1. Kindly indicate the residue of the stretch 52-87 that is surrounded by 13 or more Cβ atoms within 10 Å (Cβ to Cβ) and among the acidic types (Asp, Glu) and also nearest to VAL100 (Cα to Cα) among those meeting that condition.
2. Going through LEU124, LEU130 one at a time, which residue ends up being in contact with a Lys or Arg (Cβ under 7 Å, 6 or more places away or on another chain) and touching a residue at least 24 places away in the same chain (Cβ under 8 Å)?
3. Could you run through the stretch 133-144 and say how many residues are more than 9 Å from the ligand (Cβ to nearest atom) and either in contact (Cβ under 8 Å) with a residue 12 or more places away in the chain or under 15 Å from the mean Cα position of the chain (by Cα) (or both)?
4. Scan ALA149, ALA135 and give me the residue that is surrounded by fewer than 21 Cβ atoms within 10 Å (Cβ to Cβ) and out of contact with any His (no Cβ under 9 Å at 6 or more places or on another chain).
5. What are the pairs with Cβ atoms under 6 angstrom where one residue, in the stretch 152-172, is among the basic types (Lys, Arg) and the other, located anywhere, is surrounded by 13 or more Cβ atoms within 10 Å (Cβ to Cβ)? Sequence gap at least six, or different chains.
6. Working only within the stretch 93-143, note down all residues that are part of a helix (DSSP H, G or I) and β-branched (Val, Ile, Thr).
7. Restricting the search to the stretch 73-113, which residues are free of Cβ contacts under 8 Å to residues at least 12 places away in the same chain and more than 15 Å from the ligand (Cβ to nearest atom)?
8. Working carefully through the options VAL37, VAL29, find the one that is at pLDDT 95 or above, within 26 Å of ALA143 (Cα to Cα) and surrounded by fewer than 20 Cβ atoms within 10 Å (Cβ to Cβ).
Amino acid sequence: MTTRTNQAGAGAGAGAGPGQGGRPFLYVVVCAAGVAVDVGRLITAAQERDWEVGVIATPVAMGGFFDTAEVEARTGRPIRSAWRSPGDPRPFPPPDAVVVAPATFNTLNKWAAGTADTLALGTLCEAYGLGVPIAVLPCVADALAAHPAYRAGLERLRGMGVRFGDPYGGEAEEDGRREEFHWERALDLLTADGNGGPVTR
Ligand SMILES: Cc1cc2nc3c(=O)[nH]c(=O)nc-3n(C[C@H](O)[C@H](O)[C@H](O)COP(=O)(O)O)c2cc1C
């Protein structure tokens with residue numbers, strides 16, 4: 001699949017132009033999981049690997065799961081979360097690749113089912129048809145991951161060519177610390193050679 005024409009305008013669209021400096025453009029989709037507080041680490045790592053980054057967050061994630069002002073300062077672009085109005089310009093160029101990190105139980109299940117009732121989900125549903133690489137770092141507790149719908153959904157997404165990092169439960173210890181979340185793994189997954197740089201250079 002090589003198509004990159006964006007029709008629904010979920011994420012971006014033809015005519016929005018390339019990223020600043022002509023660098024390949026990476027969409028980082030952020031869901032409402034506790035580890036999202038550190039999403040800045042992924043953005044910085046992607047920028048160091050020569051990606052231009054635009055963040056699309058779920059509406060729940062926008063409600064205090066990460067520092068939105070800090071992320072906007074880091075990317076130099078507004079975070080997208082709501083659908084644009086018809087006639088409004090498309091703020092992001094089309095994606096060269098998409099990362100979902102952290103990916104919640106809710107968003108993964110809905111994406112696998114083809115639901116597009118948030119901008120984040122619409123973007124993910126469309127990314128498959130655009131034929132760009134998609135990497136996912138799930139953050140789902142074991143008790144939820146046991147649900148048959150979740151397991152079937154992952155199988156479906158894998159069958160669509162979506163690349164997954166290792167399972168991660170996301171539960172904090174009593175002292176508030178969590179096992180390390182391997183943000184950069186998402187970038188490694190984007191390329192066949194595993195170096196994690198842009199795929200279109
Ligand atoms: C503090 C907090 C942490 C959460 N962490 C997770 C998590 O790690 N994984 C997950 O799947 N859901 C987690 N949730 C639940 C999701 O936020 C909830 O299912 C939400 O509807 C997901 O929305 P989204 O998929 O649109 O981002 C958490 C909720 C709260 C309040």
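The values are calculated or read from the model by the stated rules, or taken from the named source; none is laboratory data. These figures come from a predicted structure and were not determined experimentally. For neighbour counting, all protein chains shown are included, and Cβ atoms are generated from backbone atoms with ideal geometry for every residue, glycine included.
1. By that ranking, first place goes to GLU52.
2. Values: LEU124 fails: in contact with a Lys or Arg (Cβ under 7 Å, 6 or more places away or on another chain).
Going through LEU124, LEU130 in turn, just one is in contact with a Lys or Arg (Cβ under 7 Å, 6 or more places away or on another chain) and touching a residue at least 24 places away in the same chain (Cβ under 8 Å): LEU130.
3. Taking the stretch 133-144 and keeping what is more than 9 Å from the ligand (Cβ to nearest atom), we get 133-137, 142-143.
Among the residues that remain, those that are also either in contact (Cβ under 8 Å) with a residue 12 or more places away in the chain or under 15 Å from the mean Cα position of the chain (by Cα) (or both) are: 133-137, 142.
Counting residues in the stretch 133-144 that are more than 9 Å from the ligand (Cβ to nearest atom) and either in contact (Cβ under 8 Å) with a residue 12 or more places away in the chain or under 15 Å from the mean Cα position of the chain (by Cα) (or both) gives 6.
4. Details: ALA135 fails: surrounded by fewer than 21 Cβ atoms within 10 Å (Cβ to Cβ).
Every option except ALA149 fails the conditions.
5. As it stands, the answer is ARG156/ALA112; ARG163/ALA135; ARG163/LEU189, since those pairs meet every condition given.
6. Passing the criteria: THR107, THR123.
7. First, the residues of the stretch 73-113 that are free of Cβ contacts under 8 Å to residues at least 12 places away in the same chain: 73, 85-88, 110.
Correct list: ALA73, SER85, PRO86, GLY87, ASP88.
8. Details: VAL29 fails: surrounded by fewer than 20 Cβ atoms within 10 Å (Cβ to Cβ).
The unique qualifying residue is VAL37.
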